[in-house]
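What follows is a single structure, written as structure tokens, with notes after it.
Nothing in this text is a laboratory measurement; each read-out follows from the coordinates by a stated rule. The structure presented is a predicted model; accordingly, all values stated were derived computationally and were not measured. FYI the Cβ positions are ideal-geometry reconstructions off the backbone, even for glycines, and counts take in every protein chain you see.
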Amino acid sequence: MRRPLVAGNWKMHGTRASVAELINGLRQQVVPAAVEVAVFPGSLHIAQVVEGVAGSAVVVGAQDCAIEAEQGALTGEVAASQLQDVGCRYVLIGHSERRTVLAESDDWVVRKFAAAQSCSLVPVLCVGETLAQREAGETLAVVGRQLDCVISALGVDVFSKAVVAYEPVWAIGTGLTASPQQAQEVHAAIRARIAAESGDVARGVRILYGGSVKAASAVELFGMPDIDGGLVGGASLNADEFGAICRAAGS
Ligand code: 13P
């Protein structure tokens, strides 16, 4: 039985004041213990959030980490070991905004994934196709390739301590959501790809859906057999809306 996970990616949002308010709102949410809740603030605010959610069930993740696991001369980057030290449990790897806007390569995604795990962080590997790729019928090939990079470099067993997030690029921040059936098709393909290497790993790995998830769409999405929760952007900046999405994962 996979424990549902709802993750809030705050992206490049927040000030000390707005983060304090959001923490306060999150602490008031009642979420069934069966659902794991994680938030991913920008790195400036990680320490504030770790402190602010202490004593609650909410865990904290980072939105990225450096290709090197340990501290060193790498201006502007944050090492996985530093994220672990400050209290992170998770780290997003290969978010599409980084792949496209910052030209993050598959090679870097693999190195970041490995760096995270070497510091006992749980990587959340983000995969997904663009609209042009979907329209060209390439969705499963694109997502399969993004997954294969990690499997071929690091082996399938790394997914026993990782999470996959399927985030169709065309659904991110656009208000367009993949239908539950569209999402399920891709989630099932991701699980099948992993199952081809290891049935046990495939049965255990959590696969989250991301892309304009709202409370209103969450119940149906999370009701699909291979959707184990969500990676939520915009809606995670509103504590009540995010709380409602978390509760939907427990229904
Ligand atoms: P939105 O929920 O704002 O579409 O963002 C999804 C996302 O990119 C989460 O990582």
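Scanning region 1-47 for residues that are of a type in the set (S, T, N, Q) and touching a Gly at 6+ places or on another chain (Cβ under 9 Å) returns N9, N24, Q28, Q29.
The condition (being under 18 Å from the mean Cα position of the chain (by Cα), touching a residue at least 24 places away in the same chain (Cβ under 8 Å) and surrounded by 16 or more Cβ atoms within 10 Å (Cβ to Cβ)) is satisfied by just one residue among R206, R193: R206. Considering region 117-127, and only residues there that are touching a helix residue (DSSP H, G or I) at 6+ places or on another chain (Cβ under 7 Å) and under 23 Å from V186 (Cβ atoms), the residue that is farthest from the ligand (Cβ to nearest atom) turns out to be V122.
Restricting attention to region 209-236, the residues that are more than 9 Å from the ligand (Cβ to nearest atom) and touching a residue at least 24 places away in the same chain (Cβ under 8 Å) total 15. Within region 35-63, being over 16 Å from S118 (Cβ atoms), within 16 Å of the ligand (Cβ to nearest atom) and either in a loop (DSSP other than H, G, I, E, B) or of a type in the set (G, A, S) (or both) holds for A38, P41, G42, S43, G61, Q63. Only one of the numbered conditions (1) within 15 Å of the ligand (Cβ to nearest atom); (2) under 18 Å from G210 (Cα atoms) is violated by G14, and that is (2). Checking A79, A103, A114 one by one, the residue that is in contact with a Gly (Cβ under 8 Å, 6 or more places away or on another chain), more than 14 Å from the ligand (Cβ to nearest atom) and of a type in the set (A, V, I, L, M) is A79 and no other. Scan region 79-106 and report the pairs whose first residue is closer than 18 Å to V60 by Cα and whose second residue is part of a helix (DSSP H, G or I) and basic (K, R), with Cβ atoms within less than 7 Å and a gap of 6+ or a chain change. Note: pairs meeting the criteria are I93/K112.
Scanning region 134-181 for residues that are assigned to a helix (DSSP H, G or I), more than 16 Å from the ligand (Cβ to nearest atom) and under 26 Å from A114 (Cβ atoms) yields a total of 19. Reported count of residues in region 80-94, each being out of contact with any Lys or Arg (no Cβ under 6 Å at 6 or more places or on another chain) and in a strand (DSSP E or B), is 3. With closer than 18 Å to Y209 by Cα and assigned to a loop (DSSP other than H, G, I, E, B) as the only criterion, which of E97, E129, E77 stands out? Only one candidate qualifies: E129.
Residues in region 192-208 that are assigned to a helix (DSSP H, G or I) and closer than 23 Å to C246 by Cα were compared, and the one that is farthest from the ligand (Cβ to nearest atom) is R203. With respect to being within 16 Å of N9 (Cβ to Cβ) and within 16 Å of the ligand (Cβ to nearest atom), V186 falls outside the description.
All of A73, A132, A115, A103 fail the test of being buried (at least 20 other Cβ atoms within 10 Å of the Cβ) and more than 14 Å from the chain's Cα centre (by Cα), apart from A115. For region 39-47, the criterion of being in contact (Cβ under 8 Å) with a residue 60 or more places away in the chain and in contact with a helix residue (DSSP H, G or I) (Cβ under 6 Å, 6 or more places away or on another chain) is satisfied by no residue at all.
All told, S198 falls short of being within 20 Å of E135 (Cβ to Cβ) and either out of contact with any Leu (no Cβ under 7 Å at 6 or more places or on another chain) or surrounded by fewer than 24 Cβ atoms within 10 Å (Cβ to Cβ) (or both).
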